[in-house]
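Participant: The structure's right below; bear with me while I get my questions together.
The values are calculated or read from the model by the stated rules, or taken from the named source; none is laboratory data. Since the structure is predicted, the reported quantities are computational estimates derived from the model, not experimental observations. Counting neighbours? That spans all protein chains shown, and the Cβs are built from the backbone with ideal geometry, glycine included. Note: areas computed on protein heavy atoms with side chains; ligands, DNA, RNA excluded. Shrake-Rupley method; radii C 1.70, N 1.55, O 1.52, S 1.80 Å.
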Amino acid sequence: MSRKKIIYLDNAATTPLDPRVLAAMMPYLKEGYGNASTLYSLGQEAKEAIEKSRETIANFISAKAEEIIFTSGGTEADNFAIKGVAFANEKFGRHIITNTIEHHAVLEPCHWLEKRGFKVTYLPVDKNGLVNINEVEKAITDETILISVMQANNEIGTIEPISEIGKVVKSVRVKRKERGIKTPIYFHTDAVQSFGHLPIKVDELSVDLLSASAHKLYGPKGVGFLYLRRGVKIDHLLHGGGHEKGFRSGTENVAGVVGFAKAVELAKEELNREYKRLFELRDKLIKKIFEKIKNVRLNGHPHLRLPNNINLTVEGVEGEAMVLSLNDTGIAASTGSACSSKSLKPSHVLKAIGLSDEDAHSSLRLTLGRFTKDKDINYLSKVLPQVVEKLRSISPFYKKIN
Ligand SMILES: *Cc1c(COP(=O)(O)O)cnc(C)c1O
């Protein structure tokens, strides 16, 4: 692969591997190749590296090491949480509550469970993408075993009121106990987008399960984890040699796990500084875009949003056309979500916050990251107005409305 330099503004889709993460992984890809389940030193060193990584990651979210189960990524962690809790607790109840703007890794397991007799409530969100706490409370029945709400949305960056929902779940648990109802109720959050951007303490959020993925915070692809609070009843999805205390069989991805822990270490060190830097850079970019381009709107919450997320509707311009034109100038950006951008269906998230098909198709997502520099923002704010002007000049639709 040879590449000319690109300005990468799609950090919500994936992030570049931090060179310091790669350096930490290298020994385990080369001489440290042992299988962590073996008894000789080579294997035991791999095992120690995994356990040390587990400790680092657990510390970062104020959990215990044994509550971290490594997976192949965010998708597996979400599937594990949802199907695992559903199957282990269906004798008590078969109702799950989630919402319309979750990632497909949450929505699809829910759809799949519906075909197998589970009932799923998909709560609507408001125009900024927020889930309403009162609606969560109202949707809970004595059959409800699981609530799943993401910490931050991958398309519009909206940050959900997780700790407030966590409090509702806790009070339901207390009331059930008083009434002698044995049905458990668990709270899961997909924190794949927020992990590394926002500080996370599992007890403050009152979550029982939490998903994260390394490649969204400058770690390698193909490794993630599910935080599983002690005592949560869950069925296993992968059966085999009993790795991860039986929760998730499969020979451990040693280098991946070590890389994930290094990524977490770096995120922890840089979290506050990076939050502020990205926030300022993002707001500067939004300001420039609004100064230079007419008829553009910001999708998502005005302030309860991830510090690196910009999601725009640029009237009269196809999102795909913008992405391809920006690509010609060396900029990587996205429209809708990365996984659905190959289809022509408008993003389910933008539809859920009330956008018309047209406005959803005219969306552009710019997500900044650790390697985004001031000069990248200046370049984009020069190029984007030109791209938009050119595309609008050939759009019969735009001429009609303006
Ligand atoms: C990327 C992402 C996932 C999927 O994680 P993978 O590691 O790519 O499988 C799940 N949820 C959210 C919110 C994401 O952004």
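Participant: Among Thr38, Val21, Asn11, which residue has its Cα positioned farthest towards the positive end of the charge dipole of the stretch 4-52, with +1 placed on the Cβ of Lys and Arg, -1 on the Cβ of Asp and Glu, and the dipole taken about the Cα centre?
Facilitator: So the residue we want is Asn11.
Participant: Among the trypsin sites (Lys or Arg not before Pro) within the stretch 181-258, which fall in a DSSP loop and have no more than 10 other Cβ atoms within 10 Å of their own Cβ?
Facilitator: Working: sites: Lys182, Lys201, Lys216, Lys221, Arg229, Arg230, Lys233, Lys245, Arg248; in loops: Lys182, Lys201, Lys221, Arg229, Arg230, Lys233, Arg248.
Sparse-neighbourhood loop trypsin sites (Lys or Arg not before Pro): Lys182, Arg230.
Participant: Taking every pair of alpha-carbon atoms in the stretch 204-250, what share in percent sits in each 5 Å bin, from 0 to the bin with the longest distance?
Facilitator: Here the calculated profile for the stretch 204-250 is 5, 17, 21, 23, 20, 12, 2.
Participant: Can you give the accessible area of Tyr28, probe radius 1.4 Å, in Å² rounded to 10?
Facilitator: 70 Å²
Participant: Beyond 16 Å, what percent of the Cα pairs of the stretch 1-126 remain?
Facilitator: 76 percent
Participant: Nothing charged except the Cβ atoms of Lys and Arg (+1) and of Asp and Glu (-1): what's the magnitude of the dipole of the stretch 200-291 about its Cα centre? Round to the nearest 20 debye.
Facilitator: I would put it at about 200 debye.
Participant: Accessible area, 1.4 Å probe, largest first: how do Lys345, Lys262 sort?
Facilitator: Of Lys345, Lys262, the descending order of accessible area is Lys345, Lys262.
Participant: What figure, in Å² to the nearest 10, do you get for the accessible area of Ile6 with a 1.4 Å probe and non-protein molecules left out?
Facilitator: 80 Å²
Participant: Please list, or write none, the aspartates and glutamates whose alpha carbon is within less than 15 Å of the alpha carbon of Lys276, excluding same-chain residues fewer than 8 places away.
Facilitator: Asp374
Participant: Still on this structure: Strictly over 23 Å apart at the Cα level, which of Lys288/Lys375; Lys216/Lys268; Lys47/Lys245; Lys287/Lys373; Lys287/Lys382; Lys221/Lys351 would you flag in this model?
Facilitator: Lys221/Lys351
Participant: Output wanted: per-residue J couplings in Hz (rounded whole) for the stretch 155-166, from phi through Karplus 6.51 cos²θ - 1.76 cosθ + 1.60, θ = phi - 60°, x for Gly and Pro.
Facilitator: For the stretch 155-166, the Karplus curve yields 9, 10, x, 4, 9, 8, x, 5, 5, 5, 5, x Hz.
Participant: If I fit a long axis through the Cα atoms of helix 19-29 and take the longest principal axis of the Cα atoms of the chain, what angle between them do I get, 0 to 90°, rounded to 10?
Facilitator: 40 degrees
Participant: Apply the Karplus parameterisation 6.51 cos²θ - 1.76 cosθ + 1.60, with θ equal to phi minus 60°, to every residue of the stretch 90-102 and state each ³J(HN,Hα) to the nearest whole Hz, in sequence, with x for glycine and proline.
Facilitator: 5, 5, 8, x, 10, 10, 10, 10, 9, 8, 7, 10, 5
Participant: Using only the alpha-carbon atoms of the stretch 274-338 as identical scatterers, what base-10 log of I(q)/I(0) does the Debye formula give at q = 0.16, 0.17, 0.20, 0.25 Å⁻¹?
Facilitator: Debye curve over Cα of the stretch 274-338, log10 I(q)/I(0) at q = 0.16, 0.17, 0.20, 0.25 Å⁻¹: -0.60, -0.68, -0.94, -1.32.
Participant: Still on this structure: Counting other Cβ atoms within 10 Å, keep those with at most 15, restrict to DSSP loop, and tell me which chymotrypsin sites (Phe, Trp or Tyr not before Pro) in the stretch 193-275 are left.
Facilitator: none
Participant: Name the long-range amide H neighbours of Gly224: under 5 Å, sequence gap of 5 or more, or other chain; modelled H, no Pro or chain starts.
Facilitator: The list, which skips near neighbours in sequence, is Thr71, Ser72, Gly73, Ala214.
Participant: Remind me, relative contact order of the stretch 10-159 in percent, using alpha carbon pairs under 8 angstrom and six or more residues apart?
Facilitator: Relative contact order, the stretch 10-159: 19 percent.
Participant: Starting from the amide H of Val317, placed 1.01 Å from N in the peptide plane, find each other amide H under 5 Å away whose residue is 5 or more places distant or on another chain.
Facilitator: none
Participant: What's the Cα-based Rg to Rh of the chain, Rh via Kirkwood?
Facilitator: Looking at the chain, the ratio lands at 0.99.
Participant: Right, here's the next one. With springs only between Cα atoms under 10 Å, which of Ile162, Ile185, Ile61 fluctuates most in a Gaussian network model of the chain?
Facilitator: For the chain, modelled as a Gaussian network with Cα springs under 10 Å, the answer is Ile61.
Participant: Additional query: What list of ³J(HN,Hα) couplings, whole Hz, do you get for the stretch 386-394 from phi and the Karplus terms 6.51, -1.76, 1.60, once you set θ to phi - 60° and write x for glycine and proline?
Facilitator: Residue by residue, the stretch 386-394 yields 5, 4, 5, 4, 5, 5, 5, 5, 9 Hz.
Participant: Then there's this: Which value in deg cm²/dmol, rounded to the nearest 500, describes the helix-derived mean residue ellipticity at 222 nm for the chain, given -39,500 (n - 2.57) per DSSP H run of n ≥ 4 and division by the residue count?
Facilitator: Here the helix-only value at 222 nm equals -13500 deg cm²/dmol.
Participant: Another question, if that's okay. Checking the cross-link filter: which aspartates and glutamates have an alpha carbon closer than 20 Å to that of Lys390, excluding same-chain neighbours under 8 positions apart?
Facilitator: Candidates past the 8-residue exclusion: Glu291, Glu315, Glu318, Glu320, Asp328, Glu358, Asp359.
Participant: Express in % the proportion of alpha carbon pairs of the stretch 90-161 at distances exceeding 21 Å.
Facilitator: 24 percent
Participant: A further question on this structure: Considering every pair of different Cα atoms, what Kirkwood radius, in Å, is found for the stretch 106-262?
Facilitator: With all distinct Cα pairs of the stretch 106-262 included, I get 17.2 Å.
Participant: Non-local amide H neighbours of Ser148 (under 5 Å, H modeled in plane, Pro and chain starts lacking H): which ones?
Facilitator: Hits under the 5 Å cutoff: Ile97, Thr98, His188.
Participant: In Å, what Rg and Dmax follow from the Cα atoms of the stretch 1-69?
Facilitator: 16.3, 47
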